[in-house]
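Any read-out appearing in this document is the output of simple, stated calculations on the displayed coordinates, not a laboratory observation. This is a predicted model, so every value here is computed, not measured. For neighbour counting, all protein chains shown are included, and Cβ atoms are generated from backbone atoms with ideal geometry for every residue, glycine included.
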Amino acid sequence: MNNPESWPRKLVVIGGGGGVSQVLLGARTSFAMLTGVIAVTDTGRSTGTARAIAAMPAPGDLRNTLAALAHDPDSRLARLMQHRLSSSAVPALDGMAFGNLMIAALTQLTGDFGAAITTVSELLDCTAQILPISTVNTQLCAEREDGSLAEDELAVRAPNQAPIRRLYLSPADAPANPAVLEAIAEADVVAIGPGSFFTSVLATLLFNGLIAALRQTRATVVFICNSTTQPGQTDGFTVLDHVRRLVDLLGPGTLDTALISRGEQISPHVVAQYAADGLHLLRPSADELTAIGTLGVTPLVRDLAEVTEGKRTLWNKQDTIRHDPTLMGLALLQLALERVR
């Protein structure tokens, strides 16, 4: 244990499928044990249909993460998990990711959503432990500033609505997955994010027992701030707004660090492309960083963004400026090493 380089580091990453996958892929060479904790309240088109079939939590983000972390992500099974059916004759299945149906079938077969995810992980020989934040079929709801209520995830993230005042779950006492709480208790670093701030990041923290686990863990708890705002969720937000909202939910003294991407290596042309779609690059001012420090959170500003030539075309989703996996892995490794010095 005197040599931090040989210390068995354990990393837990909490959030949605895309962001968690990027972080885990970058951390594979730096951490001995990796755990991804994935949101399960999505009600989007393909995932929503699969949820209705098996009366289960959302499989979509889990499917994405499992396929991305497969031992061979180019294997026939990994590609099959991500394959989307084309069926004009059966509109409900048009665009359905096959992996969502597979998880639904396994859930019906075993009667256990968690067991279904474990089975898929074993079949793909995943290089990380991938866990649903909960195995309870739960809806994400929100109260808006105008008093109106949104009673499923799709409505919560709807654009052109009043800002979100608070999030809550239905049922309100839905428990976190015990395996998740165990992983957090044993972790050296727990990373929250990146991902859709309300519907992936904050949504995962609402499950009963999760915040208590974060307050009690000896791990370094770090928030990986999104690179841009997101229409329908964080319009007009600054980096400080993100951190303050998270600290308000977790309570003082829980969040240790905020990893913030400068985005200086992103070309103005690409920044303008995203801004035209309502995704504005987050660049914290010196005053914001000072204010984050007064919240008891250490801001670490790095060049973490993935450099691309332009926007990507995604199925039924809005693209954003993602974090570079390698840079993220190195930043989290630094935090792990500093923890034991």
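Points worth noting:
- Only helices enter this figure: runs of n ≥ 4 DSSP H residues, each worth -39500 (n - 2.57), summed and divided by the residues of the chain, yield -11000 deg cm²/dmol at 222 nm to the nearest 500.
- Exposure proxy ranking for L109, L246, L330, based on other Cβ atoms within 10 angstrom of each Cβ and starting from the fewest, stands as L109, L330, L246.
- About the centre of its Cα atoms, the chain shows a dipole size close to 200 debye [charges on the beta carbon of Lys, Arg (+1) and Asp, Glu (-1) only; nearest 20 debye].
- When the Cα positions of S75, G99, T204 are compared along the charge dipole of the chain, S75 comes out farthest toward the positive end, with charges on each C-beta of Lys, Arg, Asp and Glu.
- Least to most buried among Y168, Y274 (fewest other Cβ within 10 Å first): Y168, Y274
- Shown for M102, M328, M56: other C-beta atoms within 10 Å of each C-beta, ranked fewest to most, produce the order M102, M56, M328.
- Note on the chain: antiparallel DSSP beta bridges, both residues inside, total approximately 30 percent of the bridges counted.
- Option label - Cα extents along the principal axes in Å computed here, alternatives [x] 97, 37, 31; [y] 56, 49, 43; [z] 62, 45, 39: [y]
- Environment charge of T294, counting only residues whose C-beta is closer than 15 Å and scoring Lys/Arg +1, Asp/Glu -1: -4
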